[in-house]
Structure formats: C-alpha cells, structure tokens
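I have placed the structure first, in the form of structure tokens, so that the comments after it can refer back to it.
The values are calculated or read from the model by the stated rules, or taken from the named source; none is laboratory data. Owing to the predicted nature of the structure, the values given are computational and were not obtained by experimental measurement. Every residue, glycine among them, receives a Cβ derived from its backbone with ideal geometry; neighbour counts consider all protein chains shown. To get the accessible areas, we keep the full protein, side chains included, count just its heavy atoms, and leave off ligands, DNA and RNA. Shrake-Rupley method; radii C 1.70, N 1.55, O 1.52, S 1.80 Å.
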Amino acid sequence: MGLACGTEKGSYVAACVEVKIDRERNQFSVARVSQVFECGAIVNPGNLLAQVQGAIVMGLGPALREEMRFEGGKMLNAAFGKYHVPRIDDLPELDIHLLNRPDLPSSGAGETPLIAIAPAIANAVSRAIGQRVREMPIRLPAAR
C-alpha cells in the first residue's frame, strides 16, 4: 500500500493505492485506488465523480507506461499506436469518496484528483520492494 496527498486550486486529495508484485515476471500491477477528494460545495455529484474517475485514469498513464522514447535524436514511438495509454482492462478497482463541504465555495476539480496517483503508486511499490522509486513510468528494478 502507498499513500499520497496534495492540494491544488483550493481543493484537496488523498490517495491510497494497493499494488500487487509479480516477482517471477518482475512486474507489478495496481489492484485498487482509494481516493478522497474535497473541492468545497459539490454542485453536481455525478459529474464530479466522473471527473475524479477520469483524473485517476489519466494519472495511471504516465505512472505505469506512458513515455516518449528517443534514440539518436529521434522519437521511437511518435505514432499514437505506439503510445500506450490506459485501456478499460487496465483499470484497478476504484473506491472514490467525495467530501462535500457546503460551507465552502466550489473550487478546482479538474487537475487535483490526478496529482496523488503517481506518488501513491511509487510509495506502494517502494514499500513492497524496499527501494525508492524516482522515475516514471514506474518499473521494478532488474531482478538480481
């Protein structure tokens, strides 16, 4: 498990991520993301939930596999077909909690749910392997 939190544009997020390590294949997967999000008064709960879900998926991309690869000054994966964004089959279980604060004005819901995903994944992997993760996409170190 890994935790991360953050604040952006007057809203707050905390994420807990559960990863599963496959030591035989030297890979990991994200099994579950639990996130709490507070952005003041919630005006449209359905739209806000969809926004948070989309931000989590967007955060999974660069954390797990989106990257631009270069060699000899040329981009190796310039075509969209070679740039691997998350697909529906890649999604972990999502457990999202929207914290309604009707005593506060509504604030930024666009980017904030995204900012805790990669750090929470990195923290989960770090706890599992005993080594800090400092690059994205996150990969396990080569088996020894």
Query raised in the report: Within region 50-81, can you find the residues that are closer than 21 Å to Glu18 by Cβ and either touching a Cys at 6+ places or on another chain (Cβ under 6 Å) or open to solvent by 80 Å² or more (accessible area, probe 1.4 Å) (or both)?
Result: Met58, Arg65
Query raised in the report: Can you tell me which residues in region 86-104 are without any contact (Cβ under 8 Å) to a residue 60 or more places away in the chain, surrounded by 14 or more Cβ atoms within 10 Å (Cβ to Cβ) and hydrophobic (A, V, I, L, M, F, W, C)?
Result: Leu91
Query - Cys5 being open to solvent by 70 Å² or more (accessible area, probe 1.4 Å), under 23 Å from Arg127 (Cβ atoms) and assigned to a strand (DSSP E or B) - result: yes
Requested in this report: Would you tally the residues in region 98-122 being assigned to a loop (DSSP other than H, G, I, E, B) and within 12 Å of the chain's Cα centre (by Cα)?
Outcome: 3
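Of all the residues that make up region 1-45, how many are over 16 Å from Leu99 (Cβ atoms) and either out of contact with any Cys (no Cβ under 9 Å at 6 or more places or on another chain) or free of Cβ contacts under 8 Å to residues at least 40 places away in the same chain (or both)? Let's see the steps before the verdict.
Residues of region 1-45 that are over 16 Å from Leu99 (Cβ atoms), as a first pass: 1-4, 17-33.
From what's left, either out of contact with any Cys (no Cβ under 9 Å at 6 or more places or on another chain) or free of Cβ contacts under 8 Å to residues at least 40 places away in the same chain (or both): 17-31.
Within region 1-45, residues that are over 16 Å from Leu99 (Cβ atoms) and either out of contact with any Cys (no Cβ under 9 Å at 6 or more places or on another chain) or free of Cβ contacts under 8 Å to residues at least 40 places away in the same chain (or both) number 15.
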Query raised in the report: How about region 38-71: which of its residues are under 16 Å from Pro86 (Cβ atoms), in a loop (DSSP other than H, G, I, E, B) and in contact with a Pro (Cβ under 6 Å, 6 or more places away or on another chain)?
Result: Arg65, Glu67
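Within region 122-144, take every residue that is open to solvent by 100 Å² or more (accessible area, probe 1.4 Å) and free of Cβ contacts under 8 Å to residues at least 60 places away in the same chain and give me the one that is farthest from Glu67 (Cα to Cα).
Arg144
Mind listing whichever residues of region 24-37 are open to solvent by 80 Å² or more (accessible area, probe 1.4 Å) and in a strand (DSSP E or B)?
Gln27, Arg32
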